[in-house]
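Below are the structure tokens for one structure; questions will follow.
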Amino acid sequence: MSDQQVDHGKRTWLIATSCAGAVGGVAVAVPFVSSFAPSERAKAAGAAVEVDISAIKPGEKLTVEWRGKPVWIVRRTPEQVAALSGRDAELADPLSKRTAFPTPEYAKNEARSIKPEFMVAVGICSHLGCSPSEKFTPGPQPSLPDDWRGGFLCPCHGSTFDLAGRVFKNKPAPDNLEVPPHMYLSDTKIIIGEDKPA
């Protein structure tokens, strides 16, 4: 065997193993690089959510998910809407002026909504992120005042919110429930996550 034949054999093996290594490197790199792209779930997490509200009966609540948060849509009865009046002195921020959760201009009213019949709010307590329970029935109940008009109770630390999501004074929760951007597409459909027509 001549030296040229040995060098030619080594060179062939060197080229073959280098090619195999390059193919293996690409096979490993492609999934790694593609992992930097946002997943479908991540893309959907920031997307607006369209909701049909036609089936919600007066006095009922529907929960939908938007950006990984529970969003409550409550269809208030006329009595529940009327019960929002005359409580300003008992509320920590009756006009939604605090900015921890900026309230959209169209919700800076007593009902904190576009239409008084419907409340749209993120169902997460502003204290430690718990989810308050619905306490829609008025009147005396455990952990609630005797003149309770309906609303929400955070069972973790006792914060109470009226049926507009406004927090009562002297409670651990520092702010009202967040009102997400939303708008009506029709009388029976709303979109959560957008509040300006495209």
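Examine segment 65-76 for a residue that is in the same structural domain as V179 (by TED's automatic domain parsing), modelled with pLDDT of 95 or more, under 19 Å from A121 (Cβ atoms) and not in a strand (DSSP E or B), and state whether such a residue exists.
yes
While we're here: Strands (runs of 3 or more DSSP E) wholly in segment 79-198 with at least 3 residues that are under 21 Å from G59 (Cα atoms) and in contact with a Gly (Cβ under 8 Å, 6 or more places away or on another chain) - which ones? Full working, then the answer.
Numbers: elements: 118-122, 133-135, 151-153, 160-162, 182-184, 189-192.
Fully inside segment 79-198 and qualifying: 160-162.
Let me ask something else. Find all pairs meeting these conditions: Cβ atoms under 6 angstrom apart; at least six residues apart or on different chains; first residue within segment 76-102 and within 14 Å of E178 (Cα to Cα); second residue of a type in the set (D, E).
Filtered contacts from segment 76-102: P94/D88; R98/D175; A100/D175; F101/D175; F101/E178.
What single numbered condition from (1) in contact with a Leu (Cβ under 9 Å, 6 or more places away or on another chain); (2) of a type outside the set (A, V, I, L, M); (3) modelled with pLDDT of 90 or more fails to hold for F118?
It is condition (1) that F118 fails.
May I pose another question? List the number of the failed condition for D88; all other conditions in (1) closer than 25 Å to I191 by Cβ; (2) out of contact with any strand residue (DSSP E or B) (no Cβ under 8 Å at 6 or more places or on another chain) hold.
Only one criterion in (1) closer than 25 Å to I191 by Cβ; (2) out of contact with any strand residue (DSSP E or B) (no Cβ under 8 Å at 6 or more places or on another chain) is unmet by D88, namely (1).
Further question: Conditions: (1) under 25 Å from G193 (Cα atoms); (2) in contact with a helix residue (DSSP H, G or I) (Cβ under 7 Å, 6 or more places away or on another chain). F168 meets all but one. Number of the miss?
Against the list (1) under 25 Å from G193 (Cα atoms); (2) in contact with a helix residue (DSSP H, G or I) (Cβ under 7 Å, 6 or more places away or on another chain), F168 comes up short only on (1).
Check off (1) over 12 Å from V179 (Cα atoms); (2) touching a helix residue (DSSP H, G or I) at 6+ places or on another chain (Cβ under 7 Å); (3) not charged (D, E, K, R) for I114 and give me the number that stays unchecked.
(1)
The values are calculated or read from the model by the stated rules, or taken from the named source; none is laboratory data. Model, not experiment: these values are computed from the prediction. No Cβ is skipped: glycine too gets one built from the backbone with ideal geometry, and neighbour counts run over all protein chains shown.
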